[in-house]
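What follows is one structure encoded as structure tokens, with my remarks underneath.
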Amino acid sequence: MTQAPSSSLPVLIAGGGIGGVAAALSLARLGYAVKVLEQAPQLGEIGAGIQLGPNAFAAFDALGIGELARGRAVYTDEMVMHDALDERLVGRIPTGQAFRDRFGNPYAVIHRADIHTSLLEGAQQHGNIETLTGTRIERVEQDDDTVTVYDQHGKAHQGQALIGADGVKSVVRQQYVGDPARVSGHVVYRAVVEKAEFPENLRWNAASIWVGPNYHLVHYPLRGGEQYNVVVTFHSREQEEWGVREGSREEVLSYYQDCCPIAHQLIDLPKSWKRWATADREPIGQWTFGRATLLGDAAHPTLQYIAQGACMALEDAVTLGEALKHCQHDWPQALQLYERSRIARTARVVLSAREMGRIFHAKDVERLVRNDLWKGRTPERFYDAMEWLYGWTVDQSLAL
């Protein structure tokens, strides 16, 4: 292990979600003292299930928690797409042994809280991580050697660097970049459903998507198949504002009137009708400012259509650690290398997710084109197309 140079000051991390805790673990493994500032009253993950590509497992291994995360994941047999109007199979990508052989790691689905727990358990093995909850940062000041963050109580927190992992509505990004969010107009309802309440005819060991005109539905197993994740997404008829508010079953039903009966079963499953109006941001060419940088959704918030938001945050955390090692812990130099290593890749994810959303939600003739796109395609050709995304490893994480 490369030891960090001695400094009495911690590294400050704004945000204690997946990206923030992954960054804390990455830095603690290098010998840094870390202080995590989290605005919520307690650390934890809201939301439901997420998908993990092989690149996420490469990141888990680099962070030393590969076994913990693997023990909590559900390994799917395939990714499968059906047309939600006529039940036609659009595409099927096996994720068994041939997939693992190609990418060196599996494809899996997992509850967000189980990733967060695995990262926290890894972090707790290092005694040099302090966490302050109920702490919302409001502004940042820095000089050549230190960064000072002021919270909502006016208290100052001084560190040798600041990692802004404070999510899609990042205060750190607002101060240094100040760019607007790009509201997608797409609305998401999410649910985790117990196995007993989930339709027997849809209990597939697959990451499954039903694609329709201006909408789609996703389902996959969680926690050993005892629960199922359900995600309902549609293009809103309203002018949406970014955020979460109460919705209704009636609203959801109004968007899915032409949906085939088998997929329509999913719409009745959510018990809570919270609706998320989604947004991303335009990719930026700079997210490091002196001794402050961004990570995860604060750096490159993305729509959910290629299931890589958490995976990118994990890659970021690993790459940050690798950059510090390579630059002998020269923070300004290391942060520049980290940024240079991540800008193009994460921008590609943001832009690819937008395009995949268009493909999922194709209608009329575009729907027919979509359904022809992958006809007769072999698993190997699918794997070739995914190589840029799933082939990431720590060994080639730095843009040297």
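The values are calculated or read from the model by the stated rules, or taken from the named source; none is laboratory data. Model, not experiment: these values are computed from the prediction. Backbone-built Cβ (ideal geometry, glycine too); neighbour counts: all protein chains shown. Ligands, DNA and RNA are stripped out before the accessible areas are found, and what is left, the full protein with its side chains, is counted by its heavy atoms. Shrake-Rupley method; radii C 1.70, N 1.55, O 1.52, S 1.80 Å.
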> Does Gly290 satisfy being on the phi > 0 side of the Ramachandran plot and surrounded by fewer than 19 Cβ atoms within 10 Å (Cβ to Cβ)?
Replying inline: yes
> Hey, Val140 hits all of (1) open to solvent by 40 Å² or more (accessible area, probe 1.4 Å); (2) in a strand (DSSP E or B); (3) in contact (Cβ under 8 Å) with a residue 12 or more places away in the chain; (4) within 22 Å of Trp331 (Cα to Cα) but one; which does it fall short on?
Replying inline: (1)
> Quick check: anything in the stretch 29-50 assigned to a helix (DSSP H, G or I) and in contact (Cβ under 8 Å) with a residue 24 or more places away in the chain?
Replying inline: no
> Residue check: is Ala69 part of a helix (DSSP H, G or I), of a type in the set (A, V, I, L, M, F, W, C) and in contact with a strand residue (DSSP E or B) (Cβ under 6 Å, 6 or more places away or on another chain)?
Replying inline: no
> Residues of the stretch 166-185 being open to solvent by less than 40 Å² (accessible area, probe 1.4 Å) and basic (Lys, Arg), which ones?
Replying inline: Arg173
> Any residue in the stretch 310-323 that is open to solvent by 10 Å² or more (accessible area, probe 1.4 Å) and under 11 Å from the mean Cα position of the chain (by Cα)?
Replying inline: yes
> List the pairs whose first member sits in the stretch 361-382 and is closer than 9 Å to Pro213 by Cβ, whose second member is in a loop (DSSP other than H, G, I, E, B), and whose Cβ atoms are under 7 Å apart, counting only residues at least 6 apart or on separate chains?
Replying inline: His361/Pro213; His361/Asn214; Lys363/Pro213; Lys363/Asn214; Arg367/Pro213
> Any idea how many residues of the stretch 97-122 are open to solvent by 30 Å² or more (accessible area, probe 1.4 Å), touching a strand residue (DSSP E or B) at 6+ places or on another chain (Cβ under 8 Å) and at pLDDT 95 or above?
Replying inline: 0
> Could we say that Phe60 is part of a helix (DSSP H, G or I) and in contact with a Gly (Cβ under 6 Å, 6 or more places away or on another chain) here?
Replying inline: yes
> In the stretch 373-390, what residues are assigned to a helix (DSSP H, G or I) and at pLDDT below 95?
Replying inline: Leu373
> Among Ala161, Ala207, which is the only one that is out of contact with any Pro (no Cβ under 7 Å at 6 or more places or on another chain), touching a residue at least 12 places away in the same chain (Cβ under 8 Å) and either open to solvent by 10 Å² or more (accessible area, probe 1.4 Å) or closer than 30 Å to Leu368 by Cβ (or both)?
Replying inline: Ala207
> Looking at the stretch 143-171, which of the residues that are in a strand (DSSP E or B) and of a type in the set (A, V, I, L, M) is farthest from Asp316 (Cα to Cα)?
Replying inline: Ala156
>> With the requirement that a residue be open to solvent by 10 Å² or more (accessible area, probe 1.4 Å) and polar (S, T, N, Q), what does the stretch 27-67 give you?
In response: Gln39, Gln42, Gln51
